[in-house]
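All remarks here apply to the structure that follows.
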Amino acid sequence: MTIDISSAAGGFEHIDIETVVVFVDMAGFTAFTEAHGDHRAAQLAETFATVSEMVLAPGDEMIKTIGDAVMITSANPTAALGFLRRLYDHTQRIPGFPLLRAGISAGPVVKRRGDVFGATVNTAARLAALAQAGQIVANDDAASALEGSDLLATTSLGPLQLRNIGALVEAFALDIGTRHQEHVDPICRMHVAAGPNS
């Protein structure tokens, strides 16, 4: 069967919206799987999805889970940051839970059947992939909207060439106080208990 993509694109039911896409995954999930096995990794991913859904606020929408990642949309960058604060705070209270890393991208998307598509989605995923453990990386539109908020710091990462994205993306690391690298296993990126002298 042959599908004519050009004709299919013009007639499918969808809506065009402006939104904020948030991609969050667990740093070191591959190492965790190798260390603890497939079943524990699957249980961890399920716990993460459950917690993510639990901390959604009105206006947030869980779009999908993808392996160890979740993708949500929020009404605006401030709401997206609020979701991430709640998610990070909650998971940090779970013993041994890996650090999270996130990408935020504000812009237009195509919404269809509960899913979202487009460059804004791709950018959020790529920004999450380059984020360090415990870090949030946002595009320029999202970071600009957060100026004057209670961020501890915003650091420009410059214009970045992201994989499979044609235009350079101005990226910013957002510090909300979630990076606790000194208490993280360097291999599996999980929290470890601080010693008595730390």
- Message: Out of Ala129, Ala133, I need the residue that is open to solvent by 30 Å² or more (accessible area, probe 1.4 Å) and either among the charged types (D, E, K, R) or out of contact with any Ser or Thr (no Cβ under 8 Å at 6 or more places or on another chain) (or both). Which one?
- Response: Ala129
- Query: What are the residue pairs meeting all of these: first residue in the range 112-129, first residue over 11 Å from Val22 (Cα atoms), second residue modelled with pLDDT of 95 or more and surrounded by 21 or more Cβ atoms within 10 Å (Cβ to Cβ), Cβ atoms under 6 Å, and 6 or more apart or on different chains?
  - Reply: Val116/Val109; Gly118/Val109
- Task: State whether the residues of the range 2-21 include one that is under 14 Å from the mean Cα position of the chain (by Cα) and open to solvent by 20 Å² or more (accessible area, probe 1.4 Å).
- Result: no
- Query: Taking only pairs six or more apart or across chains, which ones have beta-carbon atoms under 6 Å, a first residue in the range 144-166 that is open to solvent by 40 Å² or more (accessible area, probe 1.4 Å) and at pLDDT 85 or above, and a second residue that is of a type in the set (S, T, N, Q) and part of a strand (DSSP E or B)?
  - Reply: none
- Message: Take Arg112 and tell me if it is surrounded by fewer than 12 Cβ atoms within 10 Å (Cβ to Cβ), on the phi < 0 side of the Ramachandran plot, modelled with pLDDT of 80 or more and not aliphatic (A, V, I, L, M).
- Response: no
- Item | Which listed residue is in contact with a His (Cβ under 9 Å, 6 or more places away or on another chain) and open to solvent by less than 40 Å² (accessible area, probe 1.4 Å), from Phe83, Phe97 | Phe97
- Task: Keeping to the range 22-64, report how many residues are in a loop (DSSP other than H, G, I, E, B), without any contact (Cβ under 8 Å) to a residue 60 or more places away in the chain and open to solvent by less than 40 Å² (accessible area, probe 1.4 Å).
- Result: 4
- Task: Give the range 28-46 a look and list any residue that's under 16 Å from the mean Cα position of the chain (by Cα) and farther than 24 Å from Val116 by Cβ, or say none.
- Result: Gly28
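The values are calculated or read from the model by the stated rules, or taken from the named source; none is laboratory data. All values reported here derive from a predicted model rather than from experimental measurement. Cβ atoms come from the backbone with ideal geometry, glycine included; neighbour counts cover every protein chain shown. Ligands, DNA and RNA are excluded from the accessible area calculation, which covers all protein heavy atoms including side chains. Shrake-Rupley method; radii C 1.70, N 1.55, O 1.52, S 1.80 Å.
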